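Let me begin by presenting the structure, written as structure tokens, before commenting on it.
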């Protein structure tokens, strides 16, 4: 008889595609930001503040950060599932990771929209 361990695993094509899409989103943002920095390098805080005062820049930056957090979640979750065998510890680490990433997303919103 096969023992089924329920750990919330739902890996497969969906997660593989999600990591690829998030990687593309992060790469596009990084190239855009690099271009913006090369065209008009900010030399003081006022210029940085002016760049991120634009709602479009805030939105794209938030998309980048959410992509980063989602990408990280998939990678960390897969590492945990590969190397952490006790189910209780696995679930605890996954929950702590989710709480941290959701906290980071909230902190990102606070930082971006406080400018």
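Taken together, the values in this text are just the output of simple stated rules run on the coordinates, not laboratory data. Just so you know, these numbers come straight off a predicted model, no measurement behind them. Cβ sites come from the backbone with ideal geometry, for glycine too, and all protein chains shown count toward neighbours.
Here are a few things to note about the model shown:
- Taking label positions 7 Å along the Cα-Cβ direction at both residue 105 and residue 32, the computed distance is 1.9 nm, reported to one decimal.
- For region 13-112, the normalised intensity computed at q = 0.18, 0.21, 0.23, 0.25 Å⁻¹ comes to -0.92, -1.09, -1.20, -1.30 (log10 of I(q)/I(0), Debye sum over alpha carbons, equal scatterers, no solvent).
- GNM result for the chain, Cα springs below 10 Å: residue of 102, 47, 66 fluctuating most strongly: 47
- Region 28-75: Cα Rg divided by the 2.2 N^0.38 Å rule of thumb: 1.30
- Residue among 94, 19, 55 with the largest mean-square fluctuation in a Gaussian network model of the chain, springs linking Cα atoms under 10 Å: 55
- Sorted fewest first by neighbouring Cβ atoms within 10 angstrom, 84, 79 come out as 79, 84.
- Sequence of 97, 22, 87 once ranked by neighbouring C-beta atoms within 10 Å, starting from the fewest: 87, 97, 22
- In plain terms, the residue of 95, 76 with the fewest other Cβ atoms within 10 Å comes first and the most crowded comes last, giving 95, 76.
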